[in-house]
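What follows is one structure encoded as structure tokens, with my remarks underneath.
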Amino acid sequence: MSSLSAGWYKDPADPETQRWWDGEGWLGKAIPADQTPPDGPPPAEEPPAAAPDHTAPASQIGEAAQTGQAGQTGQAGQTGQAGQTGQAPQQTPPGQQYPAAGNTPPQGWAPPQGWTPPPGWTPPPGWTPPGWQPQPGWQPQPGWQPQPGWQPPPGWTPPAGWTPPPGFPMQAYPFPYQVQARPHGLPLAGLGRRLVARLIDIVAVLVLNVLVNGWLAYQWWQEVEPIFRATMEDPLATPEAASARSSYIMLTILVVTTALWFAYEVPALANSGQTLGKRLLGVKVVKLEDTTALGFGRAFRRWGRLGMWTPLWSCYGVGFLAQLIDSGSVLFDQKLHQALHDKSAGTVVVMAPPAHAQPPAQIKPENENDPTGGRR
């Protein structure tokens, strides 16, 4: 016994027609799907009466008529029963089997209790039965929207490159399947690309140090060379303490290195958001709130959180360890890939847009009242 009430529904065998469902089976002839059905069930089909044989006696005619009518009635009943039994889709009421992906169920229809979709069945675009759960390996169709509170089955993972529709519970999945943030519509710069850009910047600053700190490095080597030679000749001997002059020279070298790093990075980030390495690798530092220039203050805050530790390299490598922790913190921010110096300055590193995609600079006229902007 089906839980579907009697009424007119689309015929599962032929979706372009509709028939009367009496709760147990289909009755009557099918009518076009766009035709307004009559109120109530269709009229019963009457079998045609047999023509009487005028040459036979009246008693035989009446007996033959009764016999023929009974035979036709039995034959019609058997034929109707056989037709219903032979067509499997017609014997299955709507809700027990969904015949076609493009066949939309009647308005207000809900699957009966305990209903499960057949193997390989997928809902039509834009429709999801209440309580339905996809089978393993199911992939959403274009335009499919989940109902509020819908949860994918255990072990289901979104396909690669798939963009979930609004309301899809992607927060239930690990990071590789979540939608990556795009600040200002720009993709985040990859960690490998950022590492190569930083190495290029380190080499550039090192070249500047060779040119500027070369003489100081030579003076420092003159101070520590005797100690180095003595240690190499007798490794077991107690090494001599470094002179105070060599410590002062090393501190001066580190301070000059910090100044060169500042002069190399801060003005470039303040104006364009790109150093030499970032420009070669196609990445850019931008604000979180907009894409205007960083400015000197924000560029200094970003660099200072990392660069001001350089003079402390002489304190048993404390400065280098602090810089290493700061740079490695980017691995723990899966959302925006911000290191500690990015968080302190409110910046994020993104892929630089192509030159032709950048908006042209706004040129302010010297005379605000001149509509031509000073052009003649």
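Just so it is clear, none of the values below were taken in a lab; they were calculated from the coordinates. It should be emphasised that the depicted structure is a prediction, and the values quoted were computed from it without experimental measurement. Methodologically, a virtual Cβ is constructed for each residue, glycine included, from the backbone with ideal geometry; neighbour enumeration extends over all protein chains shown.
Taking the range 183-227, how much of its Cα-Cα pair set, in percent, is spaced more than 15 angstrom apart?
For the range 183-227, the share of Cα pairs beyond 15 Å comes to 65 percent.
Cross-link partners among lysines for residue 10, C-alpha distance below 18 Å, same-chain residues fewer than 8 apart left out?
Excluding near neighbours in sequence, the set is 29.
When the C-alpha atoms of the range 302-348 are aligned to their principal axes, what extent does each axis show, in angstrom, from largest down?
Cα extents, longest axis first: 35, 17, 8 Å.
Starting with the fewest neighbours, write out 290, 39, 14 ranked by other beta-carbon atoms found within 10 Å of each beta-carbon.
39, 290, 14
Restricting things to Cα coordinates, could you compute the convex hull volume per residue of the range 200-333 in Å³?
140 Å³
Which of the lysines could a cross-linker bridge to residue 287, judged by Cα under 21 Å and excluding same-chain residues fewer than eight apart?
278, 335, 343
As an exercise, identify the chymotrypsin sites (Phe, Trp or Tyr not before Pro) in the range 264-363 lying in DSSP coil whose Cβ has no more than 13 other Cβ atoms within 10 Å.
Within the range 264-363, the qualifying chymotrypsin sites (Phe, Trp or Tyr not before Pro) (loop, at most 13 other Cβ atoms within 10 Å) are 316.
Please work out the Kirkwood hydrodynamic radius for the range 229-291, using every pair of different C-alpha atoms, and report it in angstroms with one decimal place.
About 15.6 Å for the range 229-291.
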